[in-house]
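A quick write-up on the structure given underneath.
The values are calculated or read from the model by the stated rules, or taken from the named source; none is laboratory data. What you see is a predicted model; the values in this text were computed from it and never measured. FYI the Cβ positions are ideal-geometry reconstructions off the backbone, even for glycines, and counts take in every protein chain you see. Accessible surface areas use protein heavy atoms only, side chains included; no ligands, DNA or RNA. Shrake-Rupley method; radii C 1.70, N 1.55, O 1.52, S 1.80 Å.
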2 protein chains.
Amino acid sequence: MARESSSVQKDDTADEFLKEAFKIVMEEAVQKGTDRNRKVCEWMEPEELKKSLDLDLRSEGESQDVLLGYCKDIIRMSVHTGHPRFFNQLFSGLDRHALTGRIITEALNTSQYTYEVAPVFVLMEEEVLKTMRSFVGWKTGDGLFCPGGSISNMYAMNIARFKSFPNCKEKGLHALPRLVLFASQESHYSVKKGAAFLGIGMDNVILVETNDRADSVTWNPHKLLGAGLQCSAFLLKDTTQLLQRCHAANAAYLFQTDKFYNVNYDTGDKSIQCGRRVDCLKLWLMWKALGSQGLERRVDRVLEHTRYLAEQMRRREGFRLIMEPEFVNLCFWYVPPSLRNQETSPDFWTRLGKVAPVIKERMMKKGSMMVGYQHHGNRVNFFRQIVVNPQVTAEDLDFFLDEIERLGEDL
Amino acid sequence: MARESSSVQKDDTADEFLKEAFKIVMEEAVQKGTDRNRKVCEWMEPEELKKSLDLDLRSEGESQDVLLGYCKDIIRMSVHTGHPRFFNQLFSGLDRHALTGRIITEALNTSQYTYEVAPVFVLMEEEVLKTMRSFVGWKTGDGLFCPGGSISNMYAMNIARFKSFPNCKEKGLHALPRLVLFASQESHYSVKKGAAFLGIGMDNVILVETNDRADSVTWNPHKLLGAGLQCSAFLLKDTTQLLQRCHAANAAYLFQTDKFYNVNYDTGDKSIQCGRRVDCLKLWLMWKALGSQGLERRVDRVLEHTRYLAEQMRRREGFRLIMEPEFVNLCFWYVPPSLRNQETSPDFWTRLGKVAPVIKERMMKKGSMMVGYQHHGNRVNFFRQIVVNPQVTAEDLDFFLDEIERLGEDL
Ligand SMILES: Cc1ncc(COP(=O)(O)O)c(C=O)c1O
Ligand SMILES: Cc1ncc(COP(=O)(O)O)c(C=O)c1O
């Protein structure tokens, strides 16, 4: 049999490639990608972008140089979510310690299911979850990192169902009375997606005004804390092994009961997944770097920024807050000069609703910044500014306001 | 307001940290972690490991030096799944191109939901899925990268349910007749987990002998192809937008219909997630590097290795194949000297069932290699050897056999 083959990478060449690629990542993504003198994004229409990228997967492999060129192009054509003028999502910024944790995670490439293959990360996940629960105010409890907040919310729904109707696991909903699910009027759409996925049905989600008696919490450090996608903890108060009982399937090939160590450390059967990424390290390392105090200061800082921005908006003609800032969300209309003092005109709202999409298009084509917009209930399109990046300065926020004015002055 | 604060990272220091940490990753995880002269794992009991790691999250942050020390320790204490003697899971190996793709993914930190924030990756995902479908034999179809094969399987189940009963999405299972689900007798346990999660109920999973009329496929390149966790494609033949129709919730803040580009490129509403990791780049870059031919050679190579190993086992006393190799799975008992030719003795099987756990304990404490074991049906514990790492050589397999003999000779 062949002892060597061309499909085996020569380690040295491959390692050189990796080092060269890392240099590109440092320059293009980490440094240029967060540089306010550079663009946030390089807009291209899908068809045009397709042509400029050689995406086609072929029979033959490419040379290392060509591959490094792809890496550069991919980074350049991508949106720089770590840029201080990216206000488009609930995540932004590029924490270097978290990124280090993510790179180590990728290099170690293990699954969180058993102590056998993830000794450090089983213990680390336990510690991080315990600390997170203590911030929620719980001394005991359980939890798990999940692939995103939506799926964490589905865990919560499944656990709640199991707690009331344990036989749902074996018998299914068919054996139960019709279930309904109460959620806050302002709950995230993942609750409805979850109701559909879990077989409960979207019509059986009853929206109510408040809903604050939580005995579980979904906490997404990939958002405000900037740990990086994905980092979502599902935390629960329960101490009766609900998670394990609700999800366990006792796979014989993973969760052997005759292992030589304490198999309570094999936590994978709490999950609906089999292989499960290590999502705790990036948060852990960032937390170690900043301490809880440092994280707290970051949150204080972005809240201060949100207040600053609201205050500046009140001073500028044309900006109209929809409501006081909600946490780090600032929702506002920009009323361009031609629409000012026209509120009684019959098509005012229709015309105002067209402003945000045009300004958004212009900022993206220019690459100067990114911010989201949406309509909500009977409110026409408004901007939703979110400050989460700790690198954002007051100057960035002044720029934000000036830029909206510049992009909208002729509308 | 404060224009600077201690919670803002000084970019230069932070970048220096990142570079230093990357050097550690290269040395400790990439080079030493795949070096056959070094251990696969550094076994420690959970309590002992807890003491040796300073996992506690405190108020104050730590210095850069302390943090770099953590990085080193974490890597050293972790299992080296890229090591050529790690045969423990369906994943192993450390492809440098895939790792590069993963690092770029982490540095860009975007979500796959809209073209707006993931222009390159929306197009890339489409291209990769199209190519994967063509290998399955479908000229058209749909698909999505999901957080792991288990969740991909749940997608398949939910889509199948929706296809037959579209009103399940709104009305839930309560409005439907009792549903049952047919799956192969040898199907993965995620089918049962999924049936529980989706409200169908585990008892309503009917196991049948074969089940090969697939109109959807879960393909996990994080396993045999070594793309890295997580990389799981859910592929379907459907051309009627089933995925979109089944999962869409039309969130106004993400999927605005009045965007300035073709919103068919906003594919996020096909998913049950909201934020969704970019899982296509690592596979794409590795595929570009090797070409389909290179990937094919890798698969051929590991199949050849599996055959080689089976052949060697037949030649050695003490090794007993449970069946012919199934793809890259090789299931076998090791019968230690004291148990040979004892098959008629009443406690033979009980004693044989205790062999694998002891050998496993010994190899892990020694750190020489890792391989899984399990029982199945009425078969007592056997080893399940899996060759997926393209770096594995025939010498590694000879070592594997010798080592089992060494570790089991006194049993
Ligand atoms: C309140 C709330 N819940 C849940 C989610 C979903 O989180 P993910 O995007 O991680 O699925 C979001 C996302 O923005 C959210 O804002
Ligand atoms: C046949 C099969 N299906 C599904 C899965 C689950 O995949 P994942 O671990 O990505 O959830 C596995 C995992 O080993 C598997 O072998």
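Being more than 16 Å from ligand 1 (Cβ to nearest atom), of a type in the set (Phe, Trp, Tyr), open to solvent by 10 Å² or more (accessible area, probe 1.4 Å) and within 25 Å of the chain's Cα centre (by Cα) is not true of A:Phe121. Give segment A:113-130 a look and list any residue that's in a loop (DSSP other than H, G, I, E, B) and more than 16 Å from ligand 2 (Cβ to nearest atom), or say none. Once the filter is applied, which keeps residues that are in a loop (DSSP other than H, G, I, E, B) and more than 16 Å from ligand 2 (Cβ to nearest atom), segment A:113-130 yields only A:Tyr115.
The residue that is farthest from ligand 2 (Cβ to nearest atom), among those in segment B:203-241 that are farther than 30 Å from B:Leu179 by Cα and among the small types (Gly, Ala, Ser), is B:Gly226.
Look through segment A:389-411, keep the residues that are open to solvent by 10 Å² or more (accessible area, probe 1.4 Å) and not charged (D, E, K, R), and return whichever of them is nearest to A:Met44 (Cα to Cα). Talk me through it step by step, then tell me what you get.
Restricting attention to segment A:389-411, the residues satisfying the condition of being open to solvent by 10 Å² or more (accessible area, probe 1.4 Å) are A:390-391, A:393, A:395, A:398-399, A:402, A:405-407, A:409-411.
From what is left, the residues that are not charged (D, E, K, R) are A:390-391, A:393, A:399, A:407, A:411.
Numbers: A:Pro390: 29, A:Gln391: 27, A:Thr393: 29, A:Phe399: 24, A:Leu407: 19, A:Leu411: 24 Å.
Here the answer is A:Leu407.
Contact map, segment B:214-228: first residue under 13 Å from B:Ala156 (Cβ atoms) and small (Gly, Ala, Ser), second residue more than 10 Å from ligand 2 (Cβ to nearest atom) and open to solvent by less than 40 Å² (accessible area, probe 1.4 Å), Cβ cut-off under 6 Å, separation 6 or more or different chains; pairs are B:Ser216/B:Ala156; B:Ser216/B:Leu236.
Residues checked against (1) part of a loop (DSSP other than H, G, I, E, B); (2) open to solvent by less than 50 Å² (accessible area, probe 1.4 Å); (3) over 23 Å from A:Arg276 (Cβ atoms):
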residue	(1), (2), (3)
B:Leu225	yes, yes, no
B:Gln230	yes, yes, no
B:Thr239	yes, no, yes
B:Ala252	yes, yes, yes
B:Phe255	yes, yes, yes
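Among all positions in segment A:321-334, there is no residue which is surrounded by 15 or more Cβ atoms within 10 Å (Cβ to Cβ), among the acidic types (Asp, Glu), closer than 30 Å to A:Gly33 by Cβ and out of contact with any Pro (no Cβ under 9 Å at 6 or more places or on another chain). Any residue that is more than 16 Å from ligand 1 (Cβ to nearest atom) and not in a loop (DSSP other than H, G, I, E, B) - is there at least one of those in segment A:215-222? No, the conditions are met nowhere in segment A:215-222. On the basis of being more than 16 Å from ligand 1 (Cβ to nearest atom), in a helix (DSSP H, G or I) and more than 9 Å from chain B (Cβ to nearest Cβ), does A:Arg133 make the cut? Spelling it out, A:Arg133 is indeed more than 16 Å from ligand 1 (Cβ to nearest atom), in a helix (DSSP H, G or I) and more than 9 Å from chain B (Cβ to nearest Cβ). Filtered by the rule that a residue be without any contact (Cβ under 8 Å) to a residue 60 or more places away in the chain and within 25 Å of B:Arg298 (Cβ to Cβ), segment B:84-121 gives B:Ile103, B:Glu106.
Hey, among B:Asp203, B:Asp212, which residue is assigned to a helix (DSSP H, G or I), over 30 Å from B:Thr81 (Cα atoms) and open to solvent by 40 Å² or more (accessible area, probe 1.4 Å)? Quick ask: steps written out before the conclusion?
Values: B:Asp212 fails: assigned to a helix (DSSP H, G or I).
Unique residue meeting the criteria: B:Asp203.
Given the criteria more than 9 Å from every other protein chain (Cβ to nearest Cβ), free of Cβ contacts under 8 Å to residues at least 40 places away in the same chain and out of contact with any Leu (no Cβ under 8 Å at 6 or more places or on another chain), does B:Arg178 qualify? So B:Arg178 fails the test. Would you confirm whether any residue within segment B:309-317 is touching a residue at least 40 places away in the same chain (Cβ under 8 Å), farther than 23 Å from A:Met44 by Cβ and part of a loop (DSSP other than H, G, I, E, B)? Checking segment B:309-317: at least one residue is touching a residue at least 40 places away in the same chain (Cβ under 8 Å), farther than 23 Å from A:Met44 by Cβ and part of a loop (DSSP other than H, G, I, E, B). The requirement of being more than 9 Å from chain B (Cβ to nearest Cβ) and acidic (Asp, Glu) is fulfilled nowhere in segment A:111-121; no residue meets it. The residues of segment A:144-174 that are surrounded by fewer than 21 Cβ atoms within 10 Å (Cβ to Cβ) and facing chain B (nearest Cβ under 7 Å), listed by number, are A:Glu170, A:Lys171, A:His174. Based on what the data block shows, is A:Ser190 within 27 Å of A:Val302 (Cβ to Cβ), open to solvent by less than 40 Å² (accessible area, probe 1.4 Å) and modelled with pLDDT under 95? So A:Ser190 does not fit the description; no. In the set (1) loosely packed, with under 15 Cβ neighbours inside 10 Å; (2) in contact (Cβ under 8 Å) with a residue 12 or more places away in the chain, B:Gln293 fails one condition alone, (2). Each residue in segment B:257-280 was checked for being in a helix (DSSP H, G or I) and either at the interface with another protein chain (Cβ under 7 Å from one of its Cβ atoms) or at positive phi (or both), and 1 of them qualify.
Residue count for segment A:136-169 satisfying the condition of being part of a helix (DSSP H, G or I), away from ligand 2 (no atom under 16 Å from the Cβ) and touching a Leu at 6+ places or on another chain (Cβ under 9 Å): 12. Those helices (runs of 4 or more DSSP H) of segment B:1-112 in which 2 or more residues are acidic (Asp, Glu) and surrounded by fewer than 16 Cβ atoms within 10 Å (Cβ to Cβ) occupy B:11-24, B:46-52, B:64-77. Annotation: B:Leu242 fulfils all but one of (1) in contact (Cβ under 8 Å) with a residue 12 or more places away in the chain; (2) away from chain A (no Cβ under 13 Å); (3) within 26 Å of the chain's Cα centre (by Cα); the unmet one is (3). The residues of segment A:256-281 that are within 13 Å of ligand 2 (Cβ to nearest atom) and farther than 13 Å from A:Ser152 by Cα, listed by number, are A:Gly268, A:Asp269, A:Cys274, A:Gly275, A:Arg276, A:Arg277. Only residues that are at the interface with chain A (Cβ under 7 Å from one of its Cβ atoms) and touching an Asp or Glu at 6+ places or on another chain (Cβ under 6 Å) were counted across segment B:281-294, and they come to 2.
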